[in-house]
Amino acid sequence: MTPEGPVPQPGGMTTTGPSALSARDALALVARDFSAFTGPERPQPPDGPLGWGGYDAARARARDRTGESESVLCGTGKAGSVEAVLISFEFGYLGGSLGERTGDRIEAAHARAREQGLPVVTLVATGGSRMQEGMRALTQLQRVARQTALTRRAGLPQLALVRDPATGGGWATLAAGADVVLGLPGAQAGFAGSRVRPRDADPGAYTVEGQHAAGHLDQIVPEDEAGPAVARWLGLLTDGGNGTRGEAPPEPEPEPEPGPAPEPAPVPYALTSAPPPESGTEAVSRARSRDRPRAAAYLDAYFAEREEISGDRAGGVDPGMRCGFGRHRGRTVAYAAQCGTATLPSGYRTAARLIRLADRLGLPVLTLIDTPGAANDAEAERAGAGPAIADVFAAVAEAAVPVTSLLIGEGGSGGALALAAPGALWVTPDSYFSVIAPEMAAAILKRGPERVPETAEELRLRPQDAVGLGVARGIAPRAPGLPPVCE
């Protein structure tokens with residue numbers, strides 16, 4: 001890494017964007033009452049572990065230029081009403097690179113978070129590992145990964161705000177590995193720095209916008225909205241500061257016993273005044289109607305406020321699956337909601353990610369089911385439709401927190417059932433659940449179109465049939481005056 005002039009990252013990009021903020025300026029964006037700490041830091045021989053000529057002098061100039069003694073500044077502060085451990089990178093100090101002492105500080109920060117049961121917020125602006133410390137610097141990524149894993153096991157949320165740039169191991173561990181990843185507009189984000197990419201590479205792929213489109217980053221927030229966004233997210237992920245669990249024991253001791261499960265999410269009211277359908281054909285027609293309430297209406301009626309995650313962290317985003325966390329009657333509920341379209345593999349993976357995160361944080365889950373079925377074209381198969389659906393089935397089955405499910409429209413086969421909680425599924429009057437669509441069932445049975453209504457009756461598709469068959473617990477009551485939930 002070159003330490004002089006306009007500070008470049010190890011991959012070679014000079015930046016004048018969001019990373020023009022110093023570490024302390026970035027902290028001021030998101031927190032107040034900041035109190036710094038360092039923890040023990042190892043002594044280093046002259047010019048570092050490699051004896052890199054001029055390294056000590058470069059660090060001295062970086063200290064003079066920034067006023068900081070390392071590339072990260074760690075401490076505690078309040079984001080909104082939530083106390084958090086904060087890790088802020090100083091890009092002006094050798095490009096925000098990770099060296100051994102950077103690892104010391106990040107380890108101390110995560111240890112403090114676990115000791116005090118606090119969430120961790122990392123404000124990332126780094127070019128990667130510090131070349132002047134060679135492999136000793138690179139191995140800090142393993143150390144960072146270990147600390148984030150321990151904090152994750154302790155049930156504490158981790159949030160990253162991507163400044164400019166976030167490349168190399170800093171992106172691949174502290175940023176992309178966080179539970180929720182926010183990004184400042186225009187910031188560079190990617191594993192490869194600008195000087196090590198293929199010459200014909202699309203530069204847009206290495207931005208927060210590109211990462212968001214590919215499902216690797218949850219939200220893009222303007223700089224002047226970063227503070228309120230971080231505060232909202234921490235309030236939701238910690239259930240207003242009451243949802244954290246505390247320190248995970250060091251290995252090889254066993255993991256802590258889980259605490260008591262939270263109360264289940266209440267079942268939403270049905271946003272319709274119509275009685276249940278009289279026939280299977282009517283049930284299908286009503287569920288497919290463009291006029292019935294969709295997921296957005298249910299989410300708006302149920303939550304006083306909410307924030308959404310985006311993407312499956314594997315390269316895909318399904319706009320037909322909305323996942324996030326919301327405030328309902330003063331407490332946090334996680335949600336995964338299908339929007340009436342054929343669900344893509346990325347949608348199922350996003351839902352599984354949401355359910356597992358909620359389970360780890362001890363937050364109840366609400367699923368809203370509405371899909372004609374899983375996407376079944378060749379592209380969906382290549383993207384892993386089967387494994388993705390299996391992942392959601394497993395996430396629901398493994399969840400220690402309660403999952404409440406409401407069928408609000410079409411319930412098409414296993415693509416819908418994957419989001420349904422066994423023993424905790426409710427249905428609305430304008431919904432139907434079926435092993436297969438009646439038209440497809442008739443075709444398989446070699447029946448003509450005129451026999452589709454007959455087939456629909458044989459399949460017992462009405463919502464009251466789902467209750468009678470023991471698949472659903474009941475029909476959600478009609479909302480008097482459309483209040484948010486049923487009692």
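Would you work out the charge dipole size for the chain about its Cα centre, treating the Cβ of every Lys and Arg as +1 and the Cβ of every Asp and Glu as -1, and quote it to the nearest 20 debye?
Working: 47 positive and 57 negative charges, 53 e Å.
Using Cβ point charges on Lys, Arg, Asp and Glu, the chain gives about 260 debye.
What length, rounded to one decimal in nm, is gained on full extension from I436 through to L138, with 0.36 nm per residue of separation minus their alpha-carbon distance? Don't jump to the answer; show the numbers that get you there.
Working: separation 298, 0.36 × 298 = 107.28 nm, distance 5.26 nm.
Additional length available on full extension: 102.0 nm.
So what are the ³J(HN,Hα) numbers for the range 178-187, from phi and the Karplus equation (6.51, -1.76, 1.60; θ = phi - 60°), rounded to whole Hz, Gly and Pro as x?
Here the 3J(HN,Hα) series is 6, 5, 10, 10, 10, x, 7, x, x, 5 Hz.
Can you tell me the mean projection area, over all orientations, of the convex hull of the chain's alpha carbons? Units nm², please. Each step should come with its number before you reach the end.
Working: hull surface 100.9 nm².
Computing the convex hull of the Cα atoms and averaging its projections yields 25.2 nm².
Shape call for the range 13-88 from the C-alpha gyration tensor, a ≥ b ≥ c root eigenvalues: rounded (a/c under 1.5), prolate (a/b greater than b/c) or oblate? The partial results should precede the final answer.
Working: a/c = 3.20, a/b = 1.65, b/c = 1.95.
Oblate, since a/c reaches 1.5 and b/c is not below a/b.
Could I have the simple spin-label model distance between A314 and A145, label points 7 Å from Cα toward Cβ, reported in nm to one decimal?
Once both label points are built, they end up 1.9 nm from each other.
What percent does the relative contact order of the chain come to when contacts are Cα pairs within less than 8 Å and at least six residues apart?
Computed value for the chain: 12 percent relative contact order.
Cα gyration tensor of the range 18-237, axes a ≥ b ≥ c as square roots of the eigenvalues: rounded (a/c below 1.5), prolate (a/b > b/c) or oblate?
Oblate shape, in that a/c is at least 1.5 and b/c is the bigger or equal ratio.
Please report the antiparallel percentage of DSSP beta bridges with both residues in the chain, rounded to the nearest 5. Intermediate results must be reported in sequence, preceding the final value.
On the way: 28 of 67 bridges.
Here the share of antiparallel DSSP bridges comes out near 40 percent.
So if we plug the beta-carbon distance of D300 and D56 into 1/(1 + (r/R0)^6) with R0 = 60 Å, what FRET efficiency do we get, rounded to 0.05?
Values: r = 59 Å, r/R0 = 0.98.
Efficiency at R0 = 60 Å is approximately 0.55.
Is it possible to state the helix-based mean residue ellipticity at 222 nm for the chain, with each DSSP H run of 4+ residues giving -39500 (n - 2.57), the sum divided by total residues, to the nearest 500 deg cm²/dmol? What is it? Don't jump to the answer; show the numbers that get you there.
Details: 16 runs with 153 residues, N = 487.
Helix contribution divided over all residues of the chain: -9000 deg cm²/dmol.
Of all alpha-carbon pairs in the range 350-461, indicate the percentage at a distance above 16 angstrom. Don't skip to the end; give the middle numbers.
On the way: 3948 of 6216 pairs.
Counting pairs separated by more than 16 Å, the tail of P(r) holds 64 percent.
Rule-based calculations on the coordinates, nothing more; no lab input. Small disclaimer: the values here were computed from a predicted structure and weren't measured. Methodologically, a virtual Cβ is constructed for each residue, glycine included, from the backbone with ideal geometry; neighbour enumeration extends over all protein chains shown.
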